[in-house]
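Asker: Before I ask anything, here is the structure I am working with.
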Amino acid sequence: MKTNRTPCVAETIVDPGLCIVRLARAERVSAELRALLNPVDPGSFHEYRLPANAEVELHYHDFDEYWLFTDGHPRVTLRIPSGVTREFHLGPGDMVACVRGVEHTLRADHELVYFQYSSVLLGDERPGHLTR
């Protein structure tokens, strides 16, 4: 099915590590990452508790999604459209700023607690988890 969607900004990313920001180590969101992200929707901000050993499918969104971890040590997998995949071991104070179109999942053998939020919806985003 042909759509009028603009090209995926995730296709410009060379290293999925661009989406990882270790705030507890005084890192800040890079200028390169800021240029790719849409404005945050403050109404989407909420605390989420992911149960131990929860299955989260590898998926992506048509909007940017953020996870700011406050408790637990997740293993986060990110895959960019070119197929480059990396796994990251994160902890409290780490943030994933997942650019729309970047596939992601997370897992841990214990409960994870994090703030989750997303970018402002501009009108033609598909809802929910999308898979390739």
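The values are calculated or read from the model by the stated rules, or taken from the named source; none is laboratory data. Quick caveat: nothing in here was measured; it's all calculated off a predicted structure. Neighbour counts are summed over all protein chains in view; Cβ atoms, including those assigned to glycine, are modelled from backbone coordinates with ideal geometry. Side chains are part of the model used for accessible areas, which takes the heavy atoms of the whole protein and leaves out ligands, DNA and RNA. Shrake-Rupley method; radii C 1.70, N 1.55, O 1.52, S 1.80 Å.
Asker: Determine the dipole magnitude for the range 62-132: charges of +1 sit on the beta-carbon of Lys and Arg, -1 on that of Asp and Glu, nothing else is charged, the reference point is the Cα centre, and the result goes in debye to the nearest 20.
Answerer: 260
Asker: Rank these by accessible area, largest first, 1.4 Å probe: 119, 30, 82.
Answerer: 82, 30, 119
Asker: Taking amide H positions as placed in the peptide plane 1.01 Å from N, state which residues far from residue 100 in sequence (5 or more) or on other chains have amide H under 5 Å from it.
Answerer: Under 5 Å from the amide H of residue 100 lie the amide H atoms of 64, 65, each far enough along the sequence or on another chain.
Asker: I would also like to ask the following. Can you bin the range 78-132 into rounded, prolate or oblate? Criterion: square roots of the alpha carbon gyration tensor eigenvalues sorted a ≥ b ≥ c, rounded for a/c under 1.5, prolate for a/b above b/c, oblate for the rest.
Answerer: Since a/c reaches 1.5 but b/c is at least a/b, the shape of the range 78-132 is classed as oblate.
Asker: Expressed as a whole percentage, what fraction of the accessible surface of the chain belongs to carbon and sulfur atoms when a 1.4 Å probe is rolled over the protein heavy atoms?
Answerer: On the way: 3850 of 7340 Å².
The value for the chain is 52 percent carbon and sulfur by accessible area.
Asker: Turning to a different aspect of this structure: Over the chain, what relative contact order in percent results from Cα pairs under 8 Å that are six or more residues apart? If you can, show how the numbers build up before the last one.
Answerer: Working: 282 pairs, mean separation 48.6, N = 132.
Relative contact order for the chain comes out at 37 percent.
Asker: Please give the calculated 222 nm ellipticity per residue for the chain, where each DSSP H segment of at least 4 residues contributes -39500 (n - 2.57) and the sum is spread over every residue; nearest 500 deg cm²/dmol?
Answerer: Value at 222 nm, helices only, nearest 500: -1000 deg cm²/dmol.
Asker: Which whole-Hz ³J(HN,Hα) couplings does the range 108-123 yield from phi under the Karplus relation 6.51 cos²θ - 1.76 cosθ + 1.60, θ = phi - 60°, glycine and proline marked x?
Answerer: Listing the rounded values in order: 6, 8, 9, 5, 10, 10, 7, 8, 10, 7, 9, 7, 4, 7, 9, x Hz.
Asker: Ordered by residue, what ³J(HN,Hα) values in Hz, to whole numbers, does the range 74-87 give under the Karplus form 6.51 cos²θ - 1.76 cosθ + 1.60, where θ = phi - 60° and Gly and Pro are x?
Answerer: x, 9, 10, 10, 10, 9, 8, x, 6, x, 5, 10, 9, 10
Asker: Now for a different question. Choose one of 14, 53, 42: the residue whose Cα lies farthest towards the positive end of the charge dipole of the chain (beta-carbon charges +1 Lys, Arg; -1 Asp, Glu; about the Cα centre).
Answerer: Value: 14.
Asker: Select one label from [x] 1.11; [y] 0.94; [z] 0.92: the one whose number is Rg/Rh (Cα atoms, Kirkwood Rh) as derived from the coordinates shown.
Answerer: Correct label, based on the coordinates given: [y].
Asker: In debye, nearest 20, what is the charge dipole magnitude of the chain about its Cα centre with +1 on Lys and Arg Cβ and -1 on Asp and Glu Cβ, if you could check?
Answerer: 280
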